[in-house]
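All remarks here apply to the structure that follows.
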Amino acid sequence: MSRLGNLGARLYRGEVGYDFVGKRKLWYGISILITITAIVGLAVRGLNMGIEFKGGAVFTTPKTSVSVSQAQEYAQEATGHPAIVQKLGNDTLRIQVSELDTAQANQVGKQLAEDMDIPAGKINAELVGPSWGAQIANKAWTGLGVFMFLVVIYLAIAFEWRMAVAALVALIHDITITVGVYALVGFEVTPGTVIGLLTILGYSLYDTVVVFDSLKEGSKDITKQTRWTYGEIANRSINSTLVRSINTTVVALLPVAGLLFIGGGFLGAGMLNDISLSLFVGLAAGAYSSIFIATPLVADLKEREPAMKALKKRVLAKREAAAARGESSEDGDLEHHGEPGDEPHGEATAAGAVVGQRGRGRPSSGRRR
């Protein structure tokens, strides 16, 4: 078995772990800092909206020896607006200029033909109205609202309302960071960007639901035992699914990274940046939020319940009593009154164990008090 696979098995059995929930204030602080940065970037720089949203013209040239930089210079001189030039197959160029009407587009087309030494009739000009982009944006917002509403309803029914709230916060967190990165980087926002944003919601929610399902199973009949608090069980749920979350995220990020850095960066296929950046940032933010935000937030909300507060007092009191008798904290914890969920192979440690520490356990049929 590989080292990663062996670590995953040990995490699943509870032999090792990392205290994600115990350090939740640190994760909250990091997320708040990143989110504030994204919001400030969005407020100061704004989004670089494509011509689908602002309106403009797209000029496609036949095969030409004019370079991308020269064509960009010609277009900016002819229009007075920033131009985006992309090299297509067979040495043709795609010149995109925003905020042009029909009369201006015709004049610019003639000027480009003259500057680039191309017959005027050979340059294809296509006008794009801003209303089309506005319709796309409105439908996207509507779809986003319906999606989040259905997600909250489903999670509230399948799990509980606290998990629904935590998942909603995680989704908003992911969208805010992704949009903020677009503002800071200055990439153009196109319909492809909108599609990417809507796509990452599913990936983010998948990782979160996997952890929630493990937490739901692990917290059954939790008040009938005095071995773990709710926060510790939540932490075990994160650790038991950690390697799975990492694997699925890495596998999803690799092809997207290829599109973004190789296709859009080295090969110059700028149109790939529209969707690849939103997917890359959104997938990474979704993996982070499912581990560091959603489940710790559920633990925070749940442990405010009187029953969970009482359970925590009983667990801590039992551990103090075990320490007073000269037993180790682990030995005291492992004598239990019935567990929430089954223990694989009968081994476990306290949920807050640090990676690298081997736990000692007893079979679940051990002595009861």
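The values are calculated or read from the model by the stated rules, or taken from the named source; none is laboratory data. Bear in mind the structure is a predicted one, so any value in this text is a computation, not a measurement. Cβ sites come from the backbone with ideal geometry, for glycine too, and all protein chains shown count toward neighbours. Note: areas computed on protein heavy atoms with side chains; ligands, DNA, RNA excluded. Shrake-Rupley method; radii C 1.70, N 1.55, O 1.52, S 1.80 Å.
Summary table
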item: Filter pass, Gly109 being in contact (Cβ under 8 Å) with a residue 40 or more places away in the chain, closer than 19 Å to Phe59 by Cα and open to solvent by less than 80 Å² (accessible area, probe 1.4 Å); result: yes
item: So Glu188, is it surrounded by fewer than 16 Cβ atoms within 10 Å (Cβ to Cβ), under 26 Å from Asn48 (Cα atoms) and of a type in the set (Asp, Glu); result: no
item: Qualifying residue in the stretch 194-216 (condition: surrounded by fewer than 19 Cβ atoms within 10 Å (Cβ to Cβ), in the same structural domain as Ile157 (by the TED database), of a type in the set (Asp, Glu) and outside any helix (DSSP H, G or I)); result: no
item: Residue list for the stretch 232-247, restricted to those being open to solvent by 10 Å² or more (accessible area, probe 1.4 Å) and small (Gly, Ala, Ser); result: Ser240
item: Lone qualifier among Pro306, Pro255 - being at pLDDT 85 or above, open to solvent by 60 Å² or more (accessible area, probe 1.4 Å) and closer than 30 Å to Thr193 by Cβ; result: Pro255
